[in-house]
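J.: Dropping the structure in here first, questions after.
The values are calculated or read from the model by the stated rules, or taken from the named source; none is laboratory data. Owing to the predicted nature of the structure, the values given are computational and were not obtained by experimental measurement. Quick reminder, even Gly has a Cβ in these numbers, built from the backbone with ideal geometry, and neighbours come from all protein chains shown. Accessible surface is based on the protein model in full, side chains and every heavy atom, while ligands, DNA and RNA are left aside. Shrake-Rupley method; radii C 1.70, N 1.55, O 1.52, S 1.80 Å.
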Amino acid sequence: QVQLVESGGGLVQAGGSLRLSCAASGNIFMINKMGWYRQAPGKQRELVATITSGDSTNYASSVKGRFTISRGNAKNTVYLQTNSLNPEDTAVYYCNVLILGRTYWGQGTQVTVSS
């Protein structure tokens, strides 16, 4: 089993920043990719950013230049630095891990941006 624990969400004013964290534990022998997705009310879950085991990154166009994904030194933790937040970024943010073809999800952390 794989467990993902997210933290760092909260309420912030437009223009502010938050740093989301996700720690993976359990059977994480080989993590192929880690990432963040988000789901706003009434909308489908969408990709925010991903990072591979080789540290290649990919971003949604809506967050490029404002968000930065990175991994911790132990490689079992992924971070999402979110800057210049706007109300459209309000959503539940989910951590996602791909291990040997299987996908695992965290429980989600709420990010609310007030105008």
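J.: Is any residue of the stretch 86-115 close enough, with backbone N under 16 Å, to a label point placed 7 angstrom from the Cα of Met30 along the Cα-Cβ axis, and if so, which?
T.: Flagged as within label range: 98-103.
J.: For the stretch 62-115, what's the radius of gyration and Dmax over Cα atoms, in angstrom?
T.: In order Rg, Dmax, the Cα atoms of the stretch 62-115 give 12.9, 41 Å.
J.: Note down the magnitude of the dipole of the chain about its Cα centre, charges +1 on Lys and Arg C-beta and -1 on Asp and Glu C-beta and zero elsewhere, to the nearest 20 debye. Kindly include the intermediate steps, with their values, before the conclusion.
T.: Working: 10 positive and 5 negative charges, 35 e Å.
In total the dipole reaches around 160 debye.
J.: Hey, another quick one. I'd like the distance between the alpha-carbon centres of the stretch 28-46 and the stretch 57-108, rounded to an integer number of Å.
T.: 7 Å
J.: Which order do Arg38, Arg66 take by accessible area at a 1.4 Å probe, largest first? All intermediate terms of the calculation are to be shown ahead of the outcome.
T.: Values: Arg38 15, Arg66 45 Å².
Ranking Arg38, Arg66 by accessible area, largest first, yields Arg66, Arg38.
J.: For Lys64, which aspartates and glutamates qualify as cross-link partners when the Cα separation must be under 18 Å and same-chain residues fewer than eight apart are set aside?
T.: Excluding near neighbours in sequence, the set is Glu46, Asp55, Glu88, Asp89.
J.: On to the next question. Apply the Karplus parameterisation 6.51 cos²θ - 1.76 cosθ + 1.60, with θ equal to phi minus 60°, to every residue of the stretch 26-41 and state each ³J(HN,Hα) to the nearest whole Hz, in sequence, with x for glycine and proline.
T.: x, 7, 10, 4, 9, 8, 7, 7, 10, x, 10, 10, 9, 9, 8, x
J.: Based on the alpha-carbon gyration tensor of the chain and its eigenvalue square roots a ≥ b ≥ c, which shape applies: rounded if a/c is under 1.5, prolate if not and a/b is larger than b/c, or oblate? Walk me through the numbers on the way to the answer.
T.: On the way: a/c = 1.89, a/b = 1.70, b/c = 1.11.
It comes out prolate by the Cα gyration axes.
J.: Let me ask something additional. Full extension from Asn73 to Gln44: what is 0.36 nm times the residue separation minus their Cα-Cα distance, to one decimal in nm? Present the calculation step by step, with values, prior to reporting the outcome.
T.: Numbers: separation 29, 0.36 × 29 = 10.44 nm, distance 3.21 nm.
Gain on stretching Asn73 to Gln44: 7.2 nm.
J.: Given the options Asn86, Thr112, Gln3, identify the residue whose Cα lies farthest towards the positive end of the charge dipole of the chain (+1 on Cβ of Lys, Arg; -1 on Cβ of Asp, Glu).
T.: Result: Gln3, furthest along the dipole toward the positive end.
J.: While we're on this one: How much area per residue is accessible in the stretch 22-115 when the probe is 1.4 Å and only protein heavy atoms are counted (Å²)?
T.: Values: 4880 Å² over 94 residues.
Dividing the accessible area of the stretch 22-115 by its residue count gives 52 Å².
J.: Name the residue from Val12, Ser25, Ile99 whose Cα lies farthest towards the positive end of the charge dipole of the stretch 1-108, charges +1 on Cβ of Lys and Arg and -1 on Cβ of Asp and Glu.
T.: Farthest towards the positive pole: Ile99.
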